[in-house]
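Before any comments, here is the structure.
The values are calculated or read from the model by the stated rules, or taken from the named source; none is laboratory data. Keep in mind that this is a model prediction, so the values were computed, not measured. No Cβ is skipped: glycine too gets one built from the backbone with ideal geometry, and neighbour counts run over all protein chains shown. All accessible areas refer to the heavy atoms of the entire protein, side chains included, with ligands and DNA or RNA removed. Shrake-Rupley method; radii C 1.70, N 1.55, O 1.52, S 1.80 Å.
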Amino acid sequence: MNVTGILLAAGASSRMRGADKLTQDVRGQALLRDRAQMFLASQLTHVVVVLRPDRPERLSALDGLKVEITINHQAAKGMASSIQAGLTALKSDADAVLIMPADMPDITSDDIDAMLKVHAKEPHTIRRATTADGVPGSPVIFPRDSFAALQALQGDESGRAVLKAQADHVQFHKLSGTRASTDLDTPEDWAAWRALKT
């Protein structure tokens with residue numbers, strides 16, 4: 001099964017008060033590079049990173065990595081445009097996509113591989129990661145059957161609109177702890193996360 005990973009990295013970091021969350025240091029390198037390397041270490045067959053045009057430091061953070069970069073020139077319109085930009089970079093043999101925002105520092109390649117393994121047994125379902133206690137989060141695997149619905153998203157709609165519309169096809173996959181819901185949007189989020197790592 002060919003599953004493309006789409007790493008969403010075209011947000012404005014508007015809640016970081018002037019800093020860029022995706023270039024913050026994580027494990028000795030920019031968060032964006034760390035997340036792209038994690039995707040590459042998994043069993044995903046193709047990795048696409050969606051960037052915005054006005055953050056060259058994000059592009060530089062990916063130097064030398066074997067990812068496909070697509071620039072979303074409509075990033076200001078919201079997340080739907082980034083999902084759609086990622087879909088345009090798919091190869092024709094893609095059976096599914098795994099979508100994840102790039103500001104999630106704790107998801108591992110083992111998490112992704114476990115989701116891919118289960119998805120291969122039920123390839124027409126949508127598979128969504130949850131925390132250990134069942135709170136829905138990311139990443140999410142969407143089969144080809146869902147691509148048209150993803151392409152139809154508008155504005156700041158995320159894949160949640162598709163998850164809601166296709167709720168009967170969603171299967172949940174528990175990951176350890178809270179890593180399926182941990183994202184780092186604000187300086188306070190970063191401070192709390194770093195405190196847990198020390």
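Just a few scattered comments:
- Accessible area (Å², per residue) of segment 23-166, counting only protein heavy atoms and a probe of 1.4 Å: 44 Å²
- Pairwise Cα distances in segment 70-134 exceed 13 Å in 72 percent of cases.
- Ellipsoid equivalent to segment 21-126 - semi-axes via the Cα gyration tensor, in Å: 23, 18, 12
- Reach of residue 21 by Cα under 12 Å, taken over aspartates and glutamates that are not fewer than 8 positions away in the same chain: 57, 103, 183, 185, 188, 189
- Computed log₁₀ I(q)/I(0) - Debye formula, equal Cα scatterers, no solvent, the chain, q 0.09 Å⁻¹: -0.30
- Exposed trypsin sites (Lys or Arg not before Pro) absent - longest run of the chain, DSSP non-H/G/I/E/B, at most 16 other C-beta within 10 Å: 92-198
- Based on DSSP H segments of at least four residues, each scored -39500 (n - 2.57), the chain has a per-residue ellipticity at 222 nm of -9000 deg cm²/dmol.
- Whole-percent pair-distance distribution, where bins are 5 Å wide, for the alpha carbons of segment 1-81: 3, 15, 26, 25, 19, 9, 3, 0, 0
- Within the accessible area of segment 88-198 (1.4 Å probe), percent carbon and sulfur: 51 percent
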